[in-house]
Amino acid sequence: MADKDLEKGSSQASGPPQYDVGSTEPTVTGSKWSRFTDSFKKNPNARMVTQALDSEGRPLKDQPPAQPALSMKLKDRHLQMIAIGGSIGTGLFVGSGSALQAGGPASLVLAYGLIGIMLYCTVHALGELAVAFPVAGSFAVYASRFIDPAWGFAMAWNYALSWLVALPLEIVAASITMSFWPGARGVNPAVWVTIFLVLIISINMFGVKGYGEAEFVFSIIKITAVIGFIILGIIIDTGGVPGQAYMGAKFWYNPGAFNNGFKGLCSVFVTAAFSFAGTELVGLCAAETENPRKTLPTAVKQVFWRITLFYMVSLTIVGCLVPYTDPSLIGASSNDANASPFVIAVRNAGISVVPSIMNVVILIAVLSVGNSSIYGSSRTIAALADLGQAPKFLGYIDRSGRPLAAIIFSSCFGFIAYIVAAGDEVRGKAFSWMIAISGLATIFTWTSICICHIRFRRAWALQGHTLSELAFKSQATVYGSWAGLIFNILVLIAQFWTGFAPVGYGEMTARERIESFFQAYLAFPIVICCYVGYKVAFRTSFKRAKDIDVTSGRREMNLAEILAEERAEQANWPRWKKIWKVFC
């Protein structure tokens, strides 16, 4: 089997020495310093998008196996933890507080559950595409390939911008979180910004291995904290804490299960969608995974358990422990850890030590998102540069497989976080508009993934292929992608409504209403301008299914033989293992 598995690629052409950074880098002689400096030199054979072209710039009909330019050093354990705990961050720990206040506990559970179902369909669609085509840039490249290059350009820059502005936002959030402890309140927040910025940039300068190891540790801490909270929450709710009576679901009756009616529920839909942001990173990681055909399906399936256990169970407990009328929730910013319902629930129970522990976890979650910000934006931008949709220098890949120029470019946005020294009012306004720039990025990305999967399935069938040729098929099937597409559109409509007429809009001035709308929907005109501008400038056309490229980006030449052997082996598995592999 090993000789047939060509995941690591092989050179297909003569010329300069090949730098297969995933496994066999060229031997460099000399001191450790010379080897270190040599690793930053450009890899002359790096090709991010992995599409082979003829002399006239047209894609070859028979594409050779992909030779990824990026370092394929993400291991199975890295990918599993990125899938399980990667997107657990301030959206769950802090943002859920504003959602609880806006819609009540029933809206919280209902909205997160429905968004979770939609995301399950979307991630499975992405998993099928990423296993078949583990290319750098992932869904940004898929949009250009399966829909329209102009739409791919708009989606890629929309996604990259969302991560670029997320970096300073998360660093500021981390500095605010530090103020929870009295000893840190007198320290200038710019000091914390410097420390966190250096830490996050340093992690990413170690390349994908640094990112993978950091996320592995961060995810273990976050998962342990959520499980610990669930256990503690059950004890508190059932009256197991000294001085606390049995609570049960009393807050579902008084003050009530819902708040602000249907509009409150719609507000929670939007918050829930943002809380799941980052889940799609598992598809972006495929290009830097040694064997995505084997590791990615497992990671995709585990998204179900993250949604069910870490989101649904923990938020159900939160709704039982914290009433939506709790004053700590009202008017709190999404960056304020004191507004976390997880912290409030434990603090209200009279447990003095655990809130500090939860704030440490929130701080780690914030740093984890900041770490992902550089990773997600740099890989997307480097792929854009390779496609000619970003300045060419941003496509610089060094001999260690790092998109070095894109990492440096993305890191520079972190310095915006020093605006924290300008005072709360200036910082608040600046970051409100920065959030607006990327506000709908996640929804557009998920919508695009669903459309790409629908278009891919159509093209795959029209060009004479069968589903048995795919190494991994979406458990939600193409109908799940249709459901995901429709639900994403409904969320966009809900966001438009709650932005145009937010809860309590009757008491707002005309100027406040306009600001509210654009802060909620500014990303939409940005996407439209990018799409129309690129389409007019380059006169791109919508891809017809029969002309869609379904060959470039593969890593194996003999996938049919590999799959036949693997499926013959799987047929002999015991029943328990077959059932286990359906879910994990």
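Just so it is clear, none of the values below were taken in a lab; they were calculated from the coordinates. Computed from a predicted structure; not experimentally measured. Neighbour counts run over all protein chains shown; Cβ positions are idealised from the backbone, glycine included.
Could you pull out the pairs from Lys42/Lys301; Lys294/Lys546; Lys41/Lys73 whose alpha carbons sit more than 26 Å apart here?
Table pairs above 26 Å Cα-Cα are Lys42/Lys301; Lys294/Lys546.
Could you work out how far the C-alpha centroid of segment 222-265 sits from that of segment 489-526, in angstrom?
Each part's Cα centre sits 30 Å from the other's.
How tilted is helix 510-521 with respect to the longest principal axis of the chain? Cα atoms for both, answer in degrees (0 to 90, nearest 10).
That helix lies at roughly 40 degrees to the long axis.
Quickly estimate the mean residue ellipticity at 222 nm for the chain, helices only: each DSSP H run with n ≥ 4 gives -39500 (n - 2.57), and the total goes over all residues, rounded to 500.
My calculation for the chain gives -19500 deg cm²/dmol from helical runs alone.
For segment 316-327, just list the computed ³J(HN,Hα) in residue order, Karplus coefficients 6.51, -1.76 and 1.60, θ = phi - 60°, integers in Hz, with x standing in for Gly and Pro.
Karplus-based 3J(HN,Hα) across segment 316-327 equals 4, 5, 4, x, 7, 9, 10, x, 5, 8, 4, x Hz.
GluC sites (Glu not before Pro), restricted to segment 488-583: which are DSSP loop and have at most 12 other Cβ atoms within 10 Å?
none
Using each residue's phi in segment 195-209, evaluate 6.51 cos²θ - 1.76 cosθ + 1.60 at θ = phi - 60° and report the 3J(HN,Hα) Karplus result to the nearest Hz, with x for Gly and Pro.
4, 5, 5, 4, 4, 5, 5, 4, 4, 6, 6, 7, x, 5, 5
Students often check this: by mean Cβ neighbours within 10 Å, which of 349-362, 161-174 ranks highest, and how do the rest follow?
Highest to lowest by the protection proxy: 161-174, 349-362.
Collect residues whose amide H, placed 1.01 Å from N in the peptide plane, falls under 5 Å from the amide H of Asp398; neighbours closer than 5 in sequence don't count.
It is Asn43, Leu404, by chain and number.
What angle, in degrees between 0 and 90 and rounded to the nearest 10, separates the Cα long axis of helix 477-500 from the longest principal axis of the Cα atoms of the chain?
50 degrees
Would you mind giving the average projected area, over all directions, of the Cα convex hull of segment 414-486 in nm² with one decimal?
With every direction weighted equally, the projected area is 7.7 nm².
Using only Cα positions of segment 99-220, each an equal point scatterer, no hydration layer, compute I(q)/I(0) via Debye at q = 0.15, 0.16, 0.19, 0.23 Å⁻¹ and quote the log10 values to two decimals.
-1.10, -1.17, -1.22, -1.22
With charges set only on the Cβ (+1 for Lys and Arg, -1 for Asp and Glu), what does the dipole of the chain come to about its Cα centre, in debye to the nearest 20?
Using Cβ point charges on Lys, Arg, Asp and Glu, the chain gives about 520 debye.
Multiply the residue separation of Glu425 and Tyr253 by 0.36 nm, subtract the distance between their alpha-carbon atoms, and state the gained length in nm to one decimal.
Extra length available between Glu425 and Tyr253 comes to 58.1 nm.
From the phi of every residue in segment 355-368, what ³J(HN,Hα) in whole Hz does the Karplus formula 6.51 cos²θ - 1.76 cosθ + 1.60 yield, where θ is phi - 60° and glycine or proline is x?
Ordered by residue, 3J(HN,Hα) equals x, 5, 5, 5, 5, 4, 5, 4, 4, 5, 4, 5, 5, 4 Hz.
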